[in-house]
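One structure is given below, encoded as structure tokens.
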Amino acid sequence: MLPKAALWILGLGLLLRCLVAALLPPGFDEAYYYLYTRHLDWSYFDHPPLVAWTTGLGPVLTGQVSAFSIRLGSLLAYTGSSLLLYLTATRLFSPQAGLITLATISIAPIFWIGFGVLTLPDSPLMVFTAATLWVAAQEFFPAPLAEGKLGVYGAARYRPGPRLALIGLLVGLACLGKYHGLALGFGLVLFCLLSPAHRCALRSGWALLAVVGFLAAFSPVLIWNTQQDWVSFRFQGGRAVPEAGYQLQELGLTVLQEMGYLFPTLGIPLLGLSLAEGGRVGLALVQGRRLTDQELKQLLILACGLPLVLAFTFMGGYRPILPTWPMPGFWVLSLLLGSRWERWPGARQLLAGTAVAVGLLVAVGLAHVRYGLLQDPGGLGLWPVERDPSTQLIDIEQLRRQFQTDPRLAQALAEADFIFTNVYFLGGQIGMALAPLTEKPLTCLDEDLRGFAFWSQPEDWLGKDGLLVTSQLFWQKAGIQAVYGTYFEQIEPVAEVPLRRAGAVAQTFQVYLARQMRQPYPRPYSRLR
């Protein structure tokens with residue numbers, strides 16, 4: 001039975017995330033993942049397949065395509081992963097450590113927004129990461145210690161069991177969410193290698209079954225990639241290759257950004273504690289000292305979280321990294337914060353103060369993105385609308401209404417055989433807006449196609465009329481004929497669609513009818529088909 005405090009944190013967290021999910025317009029990535037649901041497959045160019053299922057859950061259950069519906073899977077998934085991490089902390093340390101860990105991951109904005117609101121590959125990743133850690137805590141530390149006793153786990157106390165096979169399966173499922181799951185598997189192997197008491201796990205028959213379970217779970221990705229010349233692995237691996245020299249100032253900026261995403265009152269202690277504990281446990285291993293129970297538990301957490309954090313943070317010195325890349329590692333390391341802060345009387349006050357500060361900042365940010373609170377004109381006049389990047393998050397319902405009420409748009413949509421855009425990440429927003437109005441295929445004609453290159457053939461559109469929907473933010477009117485004129489017999493302007501926020505035009509979409517496609521548009525990945 002969960003304590004009331006845990007139930008309150010889980011319940012209030014879910015309610016808050018539902019509110020944000022309903023009001024926040026869909027981001028580029030989220031809308032793009034909605035297109036995955038229209039092209040279900042073993043895997044995808046950018047990511048493994050589970051994000052398609054978590055994104056598609058809401059539209060299937062509600063029958064609607066909206067910002068809230070595509071996030072429903074993430075909302076539910078994060079509640080589950082939070083519960084599992086709480087149970088892991090309680091198993092490894094204490095119920096109080098579990099509550100502090102649960103509060104931390106429910107307050108740090110990058111965690112509850114990035115993993116628990118937005119529909120991203122991280123949502124299923126965190127569910128199976130937490131499930132893996134929960135099972136690993138029971139497998140590697142089968143007997144809870146008596147209170148206040150510091151013992152040592154010897155080979156006689158640990159014997160590999162069938163949970164190892166389940167761990168392999170869960171790691172494979174984590175990799176079906178995001179390739180970051182491979183770092184989780186690496187961390188578990190690293191823990192067994194560094195802990196003499198658990199090294200026997202790698203020599204057991206259960207470890208072989210764990211490998212089989214991992215391969216079985218991960219097989220959809222492997223099957224798809226074998227058919228596509230391993231394009232997904234090559235694409236993701238290529239992003240880790242340096243494109244320029246290493247810059248220490250960029251590394252420092254990356255660290256500062258990570259602390260901001262986590263919120264400084266949580267991020268700084270979390271990073272500092274992880275590095276300190278990693279150094280202390282590492283020194284003990286170098287010295288050959290036998291680790292205590294507490295240190296072995298810390299070693300498990302460090303091995304599963306710290307390498308991922310260090311790798312992506314280091315990468316920030318030679319290329320920009322996305323905010324969520326190192327965050328699964330920090331999420332795992334929050335278990336260390338729970339174990340340390342359970343003995344600190346000021347933990348409750350710091351967490352409560354941080355929650356209030358984060359709540360206020362999120363409220364202001366959400367009010368601006370949705371309603372233009374700080375906008376000039378229409379709001380408080382602090383941020384000129386033409387220089388506001390938040391206008392890129394469009395109100396898809398407003399775009400949908402324009403197509404429903406403007407006879408020019410409705411007629412052009414009826415005449416077109418397919419819909420296309422010039423930027424792959426616009427495709428998701430357009431697809432969501434038009435989802436209830438038409439089932440006509442949607443594609444992208446550009447050099448960077450991502451998944452669009454695998455959802456149709458270049459010849460599919462020959463002799464057909466296409467409806468081009470684009471935004472003035474990403475393309476000026478003068479360039480359309482120059483880019484597409486040789487591929488279509490005629491390109492006719494249909495309408496400009498202004499999208500308003502706080503009474504001001506935040507973004508303008510442009511719609512053209514491109515008649516009779518004459519030749520296939522070149523595709524960078526077509527040789528892999």
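Odds and ends about this structure:
- Here the spin labels are modelled as points 7 Å beyond Cα on the Cα-Cβ line, and at residue 483 and residue 437 they lie 2.1 nm apart.
- Remark on segment 320-362: Rg and Dmax equal 13.2, 39 Å (Cα only).
- Considering only the chain, percent of DSSP beta bridges that pair antiparallel, nearest 5: 70
- Sorting 464, 4 on solvent-accessible area from highest to lowest, probe radius 1.4 Å, gives 4, 464.
- The distance linking segment 416-430 with segment 212-287 is 32 Å (Cα centroid to Cα centroid, whole angstrom).
- Where trypsin sites (Lys or Arg not before Pro) fall in DSSP loop in segment 284-343, at most 11 other Cβ within 10 Å: 289, 343
- Cα pair distances exceeding 18 angstrom across segment 190-237, given as percent: 52
- Expected 222 nm ellipticity per residue - DSSP helices of 4 or more, -39500 (n - 2.57), all of the chain, to 500: -19000 deg cm²/dmol
- In this calculation the C-beta distance from residue 355 to residue 22 is compared with R0 = 22 Å, giving a FRET efficiency of 0.60.
- A 1.4 Å probe run over the chain, with the rest of the protein chains in place, finds 42 Å² accessible per residue.
- C-alpha long axis of helix 327-341 to longest principal axis of the chain, angle in °: 40
- Simple Cβ-charge dipole of segment 251-381, Lys/Arg +1 and Asp/Glu -1, about Cα centre, in debye nearest 20: 260
- Nearest 10 degrees, 0 to 90: helix 424-434 Cα axis against the chain principal axis: 70
- Sites listed here are GluC sites (Glu not before Pro) in segment 230-315 whose DSSP assignment is loop and whose Cβ has at most 16 other Cβ atoms within 10 Å: 243.
- Diffusion constant of segment 6-100 at 25 °C, which comes from Stokes-Einstein with the Kirkwood Cα-pair radius and 0.890 mPa s, µm²/s: 167
- Apportionment of accessible area to carbon and sulfur, segment 260-393, percent (1.4 Å): 69
- Value of Rg to Rh for segment 437-487, rounded to two decimals, is 0.95; Kirkwood radius and Rg both from alpha-carbon coordinates.
- With semi-axes defined as the square roots of five times the eigenvalues of the C-alpha gyration tensor, the equivalent ellipsoid of segment 169-219 measures 20, 13, 5 Å, largest first.
- Cβ-Cβ distance of residue 518 and residue 42, R₀ of 35 Å, FRET efficiency by 1/(1 + (r/R0)^6): the value works out to about 0.55.
- Entry note: segment 221-321 has Rg to Rh equal to 1.09, where both radii use alpha-carbon atoms and Rh is the Kirkwood radius.
- Percent of Cα-Cα distances greater than 15 Å, calculated over segment 448-529: 64
- With a simple spin-label model that places each label point 7 Å from the Cα along the Cα-to-Cβ direction, the separation between residue 343 and residue 397 comes to 5.2 nm.
- Cα gyration tensor category, rounded, prolate or oblate, for segment 293-354 with a/c compared to 1.5: oblate
- To the nearest ten degrees, helix 163-177 and the longest principal axis of the Cα atoms of the chain are 20 degrees apart.
- What separates the Cα centres of segment 292-332 and segment 38-85 is a distance of 25 Å.
- Projection of the Cα convex hull of the chain, averaged over all directions and equal to a quarter of that hull's surface, yields 26.3 nm².
- Segment 1-139, relative contact order [Cα under 8 Å, separation at least 6], %: 29
- Under conditions of 37 °C and 0.692 mPa s, segment 393-505 yields 222 µm² s⁻¹ as its translational diffusion coefficient, taking Rh as the Kirkwood radius over Cα pairs in the Stokes-Einstein equation.
- As a size descriptor, the averaged projected area of the C-alpha convex hull of segment 170-273 was calculated at 9.7 nm².
- R0 of 60 Å, Cβ-Cβ distance residue 386-residue 159: FRET efficiency to nearest 0.05: 0.35
- Alpha-carbon Debye profile of segment 46-93, log10 I(q)/I(0) at 0.24 Å⁻¹: -0.81
- The overall shape of segment 75-148, judged from the alpha-carbon gyration tensor, is oblate: a/c is not under 1.5, and a/b is no greater than b/c.
- Tensor-based shape of segment 294-397 (alpha-carbon gyration tensor, a/c under 1.5 rounded, otherwise prolate or oblate): oblate
- Each peptide in 350-358, 161-169 gets a packing score, the mean of other Cβ atoms within 10 Å over its residues, and the list from highest to lowest is 161-169, 350-358.
- As computed over segment 360-401, the Cα convex hull volume per residue (Å³): 77
- Summary value for the chain: 16 percent relative contact order, contacts being C-alpha pairs under 8 angstrom separated by 6+ residues.
- Relative pair counts by distance (%), Cα atoms of segment 378-455, 10 Å bins: 16, 40, 30, 12, 2
- Value of relative contact order over segment 383-478, rounded to a whole percent, pairs C-alpha under 8 Å and six or more apart: 33
The values are calculated or read from the model by the stated rules, or taken from the named source; none is laboratory data. Model, not experiment: these values are computed from the prediction. We place every Cβ from the backbone using ideal geometry, glycine too, and count neighbours over all the protein chains shown. The accessibility values were calculated without ligands, DNA or RNA, using every heavy atom of the protein model including side chains. Shrake-Rupley method; radii C 1.70, N 1.55, O 1.52, S 1.80 Å.
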